[in-house]
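Written out below as structure tokens is the structure these notes cover.
Every read-out reported here was derived from the displayed coordinates using simple, explicitly stated rules and does not represent laboratory data. Computed from a prediction, not measured in an experiment: that's the story for all the values here. Quick reminder, even Gly has a Cβ in these numbers, built from the backbone with ideal geometry, and neighbours come from all protein chains shown.
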Amino acid sequence: MVTKSLIDADTLVAQFQSATAQQGEQLRKAVAVATLQALQGRELTLKNIRSALKSVTDAVGSGMARNPLAGADAEGLLDKAVAGMDDALLKAVEANRVALGQLMAQGADLREKHLSKALADLDKFEDTLISTVRKAAGGAGEQMAAAWGPVLEKMQAGGTVSGSRASETAEKLMDDMQAAVRQSRAAGLKAAQAMAESYAAMVGGVLLGMSEALQQGGSGSKSAAARKKG
């Protein structure tokens, strides 16, 4: 049975509840760690990723809504929170790359249904993060929605680092697989050609042996006949 790792939501809420603009990088790291904790021990499916991101986003939003000091820089702090989730998704992309690469090295075909889905899901990491932030903005109060708005617009306009890396990773894995298929075909053709040449030589050798045996058999019969006459 797989044990699901859960985030310490209360700690994350408390961190954002008392956060100031100067703690931006500290918060980014805290969110990245919390997101990774939420993913550990679970299959990296889009459903589980979406659930982890929602848990983290809810905690961030709850803490920010209670922060009396964040009003002036709420957007900046939320931006750091999103960057933290993006950092965690980068790790998830790398985990997928390593796992799929190992399977390929063992001869797996990424066009197989289960693996092709895992590859296709990589391209959905960015959409999953953006949709999670959009829902957080939609469900927040007026003040927090106003802070989430510019963060969401920035994500939609410029994309995310994990999204870009995920697309590059998926493309590279497909290129590697196609190269491996071409190499396998070339090796197969070479082996088939070698077998054909070997077969032709083998047939020639067998035929030569049969011919010599026939000749020897014929000579033996003639000698026996001559002896009989004498």
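Can you sort 57, 35, 20 from fewest to most other Cβ atoms within 10 Å of each residue's own Cβ? Write down the numbers at each step before the final one.
Details: 57 25, 35 28, 20 14.
Least crowded to most crowded, the residues run 20, 57, 35.
In the P(r) worked out for segment 9-187, what percent of Cα pairs fall beyond 23 Å?
On the way: 6944 of 15931 pairs.
Across segment 9-187, Cα pairs with separations above 23 Å total 44 percent.
Excluding residue 137 itself, calculate the net charge of residues whose Cβ lies under 14 Å from the Cβ of residue 137, where each Lys or Arg counts +1 and each Asp or Glu counts -1.
-1
For each pair in 29/54; 47/113; 91/154; 80/117; 91/190; 54/154, compute the distance between the two Cα atoms and list the pairs where it is over 29 Å. Can you show the working numbers first?
On the way: 29/54 17 Å; 47/113 18 Å; 91/154 22 Å; 80/117 31 Å; 91/190 41 Å; 54/154 19 Å.
In this structure, 80/117; 91/190 exceed 29 Å between Cα atoms.
So for segment 92-183, Kirkwood radius off the Cα pairs, Stokes-Einstein at 37 °C and 0.692 mPa s: how many µm² s⁻¹?
Answer from the Stokes-Einstein relation: 222 µm²/s.
Do any trypsin sites (Lys or Arg not before Pro) in segment 15-70 lie in a loop, going by DSSP, with at most 15 other beta-carbon atoms within 10 Å of their beta carbon, and if so which?
Details: sites: 28, 29, 42, 47, 50, 54, 66; in loops: 42, 66.
Counting only loop positions with at most 15 other Cβ atoms within 10 Å, the trypsin sites (Lys or Arg not before Pro) in segment 15-70 are 66.
What nm distance separates the two modelled labels at residue 29 and residue 48, each placed 7 Å from Cα along Cα→Cβ?
2.7
Give, as a single signed number, the net charge of other residues whose beta carbon lies under 11 Å from the beta carbon of residue 175, with Lys and Arg counted +1 and Asp and Glu -1. Could you put the intermediate results ahead of the total?
Values: positive: 172, 182; negative: 168, 171, 176.
Here the count lands on -1.
In Å and from the alpha-carbon atoms only, list the Rg and Dmax of segment 22-93.
Just the Cα atoms of segment 22-93 yield Rg and Dmax of 12.4, 39 Å.
In segment 24-116, which GluC sites (Glu not before Pro) are in a loop and have at most 13 other Cβ atoms within 10 Å, using DSSP for the loop call?
Passing both the DSSP loop test and the Cβ count: 43, 112.
Work out how much length residue 114 to residue 75 would gain on full extension: take 0.36 nm times their residue separation and subtract the Cα-Cα distance, in nm to one decimal. Kindly include the intermediate steps, with their values, before the conclusion.
On the way: separation 39, 0.36 × 39 = 14.04 nm, distance 3.94 nm.
The residue 114-residue 75 span can extend by a further 10.1 nm.
Taking the Cβ of each residue in 151, 82 as the centre, tally the other Cβ atoms inside 10 Å and list the residues starting with the fewest. Walk me through the numbers on the way to the answer.
On the way: 151 22, 82 26.
Ordered by Cβ neighbours within 10 Å, fewest first: 151, 82.
Based on the Cβ-Cβ distance of residue 134 and residue 102, what FRET efficiency does E = 1/(1 + (r/R0)^6) give at R0 = 30 Å, to the nearest 0.05? Walk me through the intermediate numbers first.
On the way: r = 35 Å, r/R0 = 1.16.
Efficiency, from the Cβ-Cβ distance: 0.30.
Can you give the local net charge around residue 152? Use residues other than it whose beta-carbon is closer than 12 angstrom to its beta-carbon, Lys and Arg +1, Asp and Glu -1. Mind dumping the intermediate values first?
Working: positive: 134, 135, 154; negative: 75, 79, 153.
Taking every Cβ under 12 Å from that of residue 152, the sum is 0.
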